[in-house]
Amino acid sequence: MNYKLLFNLSNKTALITGAAGLLGVEFAKGLAAHQCNLILVDSDGDKLKEVGKDINNNYDVNCNTFCCNITDQQSVDDLSSKIKGDNCIIDILINNVASKGLDLDNYFAEVEKYSIETWNEILNYNLTSMFIMTKIFGSVMAERGNGSIIQTSSIYGVMAPDQRIYKGSIFLDREINTPAIYSASKAGVIGLTKYLATYWASAGVRVNTLTPGGVYSGQNKTFVEKYSERVPMNRMADKSELVGAVVFLSSDASSYITGQNLIVDGGLNCW
């Protein structure tokens, strides 16, 4: 066994959803640095083009971008047809998309005032989209007999948010919280992963969850300090610190790992 080749991703192709987002961009760069070809998918077409251009200019890989509403099965079917038309085989599917919806006031509303419309909107993005993507692309992997699916959850899909950290915490120019739909949808991701891992195990398709802890993305000093006090490593994560886990779960280094939830949270869930 040449163990140096365990992390070799050359000649493989990964499809990443939410590829223009905070983590999606880093996942794309990390896989490209390991010579993995990319199909990047996002609903923000302009930002997605910028990400694709950056990858193609700085890495020796093939990178194609597709603007797609992955909460709509017909749109995903059309995406699949385009990819098949290019004779491209998806080896790795990274279900990474998440959304705060169209109205931040509705998204951050208190439980007592939360609208069912917003609940369903977020559920469609954070969970239903992953089922649609795995249904369409995972089934092709199963027919072929191999593949790796990685689904991004959140530490608040594993444990409840500490409500005490939110007083005075500002993000996106407003006081924030973690709404119930976020926790519920991200917990659902973990359940979906376990189901699909056993469903497709005999077909050679591995399905795992990546669960980040709090990642710094411009939160104010109050939030950063309060959150960091809850973490054994006493800080938030940098977005780059999630990339190694994605490379690991994408590669043959994790060939006997399926149905697992890899938590990268600085030790928060230990407490």
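The values are calculated or read from the model by the stated rules, or taken from the named source; none is laboratory data. A quick note: this is a predicted structure, and the numbers were derived from the prediction, not measured. Using ideal geometry, Cβ is built from the backbone for each residue, glycine included, and neighbour counts are taken over all protein chains shown. To get the accessible areas, we keep the full protein, side chains included, count just its heavy atoms, and leave off ligands, DNA and RNA. Shrake-Rupley method; radii C 1.70, N 1.55, O 1.52, S 1.80 Å.
Pull up the DSSP beta bridges for the chain and report the antiparallel fraction as a percent, rounded to 5. Close to 5 percent. Remark on the stretch 1-66: ratio of C-alpha radius of gyration to 2.2 N^0.38 Å is 1.11. Under 5 Å between amide hydrogens, built in the peptide plane, is the criterion, and for Leu93 it picks out Leu15, Ser148, Ile149, Ile150 among residues at least 5 positions away or on other chains. Short-range pairs are left out: with C-alpha atoms under 8 Å and at least six residues apart, the relative contact order of the chain is 19 percent.
Dividing the summed helix terms, -39500 (n - 2.57) for each DSSP H run of n ≥ 4, by the number of residues in the chain produces a 222 nm estimate of -11000 deg cm²/dmol to the nearest 500. To the nearest ten degrees, helix 180-200 and the longest principal axis of the Cα atoms of the chain are 30 degrees apart. Considering only Leu9, Ile181, Tyr107, the residue lying farthest towards the positive end of the dipole of the chain is Leu9, judged by Cα position with unit charges set on Cβ. Kirkwood hydrodynamic radius (Cα pairs, Å) of the stretch 1-154? After inverting the pairwise mean of 1/r, the radius is 16.3 Å.
Annotation: amide H of Thr209 within the under-5 Å range of Gln151, Gln260, Asn261, Leu262, sequence separation 5 or more or interchain, hydrogens built in the peptide plane. Put a plus charge on the Cβ of each Lys and Arg, a minus charge on the Cβ of each Asp and Glu, and nothing anywhere else: the dipole of the stretch 1-77 about its Cα centre is then about 360 debye. As a length-normalised measure over Cα pairs under 8 Å and 6 or more apart, the relative contact order of the stretch 1-141 settles at 24 percent. Dipole size of the chain about its Cα centre, with +1 on Lys/Arg Cβ and -1 on Asp/Glu Cβ: approximately 640 debye, rounded to the nearest 20. Let me know the whole percent of all Cα-Cα pairs from the stretch 66-143 that are separated by more than 20 Å. In whole percent, the long-distance tail amounts to 40.
Only beta bridges with both residues in the stretch 82-220 are counted; by DSSP, about 15 percent of them are antiparallel. Compute the angle between helix 73-85 and the longest alpha-carbon principal axis of the chain, please, reported from 0 to 90 degrees and rounded to the nearest 10. Once rounded, the angle reads 30 degrees.
In the context of the full set of protein chains, the chain has a per residue accessible area of 49 Å² (1.4 Å probe). Shape analysis of the stretch 142-271 based on the Cα gyration tensor places the equivalent ellipsoid semi-axes at 31, 15, 12 Å, largest first. Once the gyration tensor of the Cα atoms in the chain is diagonalised, the equivalent ellipsoid follows with semi-axes of 30, 21, 19 Å, ordered largest first.
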